[in-house]
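J.: I have a structure I would like to understand better, so I am pasting it below and will then ask my questions one at a time.
The values are calculated or read from the model by the stated rules, or taken from the named source; none is laboratory data. These figures come from a predicted structure and were not determined experimentally. Ideal geometry is used to build each Cβ from the backbone, glycine not excepted, and the neighbour counts take in all protein chains shown.
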Amino acid sequence: EAGVTQFPSHSVIEKGQTVTLRCDPISGHDNLYWYRRVMGKEIKFLLHFVKESKQDESGMPNNRFLAERTGGTYSTLKVQPAELEDSGVYFCASSQQGAINEKLFFGSGTQLSVL
Amino acid sequence: DAKTTQPNSMESNEEEPVHLPCNHSTISGTDYIHWYRQLPSQGPEYVIHGLTSNVNNRMASLAIAEDRKSSTLILHRATLRDAAVYYCILRDIAGNNRKLIWGLGTSLAVNP
């Protein structure tokens, strides 16, 4: 069974440019999460989808970040325009719906560098 | 803010047991204790979780104090592949809040 897949694995862009990160969850997983780690800091929650609906987006830093999950399958996280402080590793995770303490499966992350 | 406290780093020898402590003195009745680990250049990986009773699975054991204010993740025989950052996380099952709140974890080094 394929795990959570994230693309690209690395992205280097200049300040002001746009970047789109993609996450393909495990097939059948309704929950999809985005997390981010800025260098030297803790991993921080960004948002949570249940199928195509945003369940919790309290962790989104500002309106330069836009997450979508059309059709409830893969998700994209777009940063427009990117700023230096957006650099970090962006993780996606998925889990099955219904379990109280569902196990999250994480992708390997996208390393974003904004220069 | 993270509701758990862990040592920054620990060291172990290969094939010896490792006990990774976690303090969570403000734990509530609906908080489950979760452990994840992150190997170098990989995403976090689920290890184990529990509420009150000790738990065992193929990866590790979780020992929970009777007052639930602390817990210990036990790796029975450390291998080089267990070198990772281990995170102890409290997850409140009440309500719809499903996010994990991470601390800085414990960086475990395993010596051959």
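J.: Tally the residues that are free of Cβ contacts under 8 Å to residues at least 12 places away in the same chain and not aliphatic (A, V, I, L, M), restricting the search to the range B:52-89. Show your work before the answer.
T.: Going residue by residue through the range B:52-89, those that are free of Cβ contacts under 8 Å to residues at least 12 places away in the same chain are B:53-58, B:63, B:65-67.
Now narrow it down to the ones that are not aliphatic (A, V, I, L, M): B:53-54, B:56-58, B:66-67.
Total satisfying the criteria: 7.
J.: Is it fair to say B:Gln38 is in contact with a Phe, Trp or Tyr (Cβ under 8 Å, 6 or more places away or on another chain), at the interface with another protein chain (Cβ under 10 Å from one of its Cβ atoms), of a type outside the set (Gly, Ala, Ser) and touching a residue at least 40 places away in the same chain (Cβ under 8 Å)? Outline the logic, then answer.
T.: Values: in contact with a Phe, Trp or Tyr (Cβ under 8 Å, 6 or more places away or on another chain): yes; at the interface with another protein chain (Cβ under 10 Å from one of its Cβ atoms): yes; of a type outside the set (Gly, Ala, Ser): yes; touching a residue at least 40 places away in the same chain (Cβ under 8 Å): yes.
So B:Gln38 passes the test.
J.: Ok, one more. For the range A:4-36, give me each residue that is more than 10 Å from the chain's Cα centre (by Cα), within 9 Å of chain B (Cβ to nearest Cβ) and modelled with pLDDT of 95 or more.
T.: Of everything in the range A:4-36, just one residue is more than 10 Å from the chain's Cα centre (by Cα), within 9 Å of chain B (Cβ to nearest Cβ) and modelled with pLDDT of 95 or more, namely A:Val4.
J.: In addition: Counting just the residues of the range A:55-97 that are closer than 28 Å to B:Ile33 by Cβ and without any contact (Cβ under 8 Å) to a residue 40 or more places away in the chain, which one comes out surrounded by the fewest Cβ atoms within 10 Å (Cβ to Cβ)? Can you show your working first?
T.: Taking the range A:55-97 first, the residues closer than 28 Å to B:Ile33 by Cβ are A:55-60, A:88-97.
Going one step further and asking which of them are without any contact (Cβ under 8 Å) to a residue 40 or more places away in the chain, we end up with A:55-60.
Working: A:Gln55: 16, A:Asp56: 17, A:Glu57: 14, A:Ser58: 10, A:Gly59: 16, A:Met60: 18.
Across the range A:55-97, the extreme among qualifying residues is A:Ser58.
J.: Considering only the range A:72-93, how many residues are within 14 Å of another protein chain (Cβ to nearest Cβ) and out of contact with any Cys (no Cβ under 8 Å at 6 or more places or on another chain)? Steps first, please.
T.: Just the residues of the range A:72-93 that are within 14 Å of another protein chain (Cβ to nearest Cβ), to begin with: A:88-93.
Filter again for out of contact with any Cys (no Cβ under 8 Å at 6 or more places or on another chain), leaving A:88-91, A:93.
Qualifying residue count, the range A:72-93: 5.
J.: Inspect the range B:87-102 for any residue being touching a Phe, Trp or Tyr at 6+ places or on another chain (Cβ under 9 Å), within 17 Å of B:Pro17 (Cβ to Cβ) and modelled with pLDDT of 95 or more and give the result as yes or no. Give the derivation first.
T.: Going through the range B:87-102, the residues touching a Phe, Trp or Tyr at 6+ places or on another chain (Cβ under 9 Å) turn out to be B:87-93, B:98-102.
From what is left, the residues that are within 17 Å of B:Pro17 (Cβ to Cβ) are none.
Looking through the range B:87-102, none of the residues is touching a Phe, Trp or Tyr at 6+ places or on another chain (Cβ under 9 Å), within 17 Å of B:Pro17 (Cβ to Cβ) and modelled with pLDDT of 95 or more.
J.: Among the residues of the range B:26-52 satisfying the criterion of being surrounded by fewer than 20 Cβ atoms within 10 Å (Cβ to Cβ) and over 15 Å from the mean Cα position of the chain (by Cα), which is nearest to B:Leu108 (Cα to Cα)?
T.: B:Pro40
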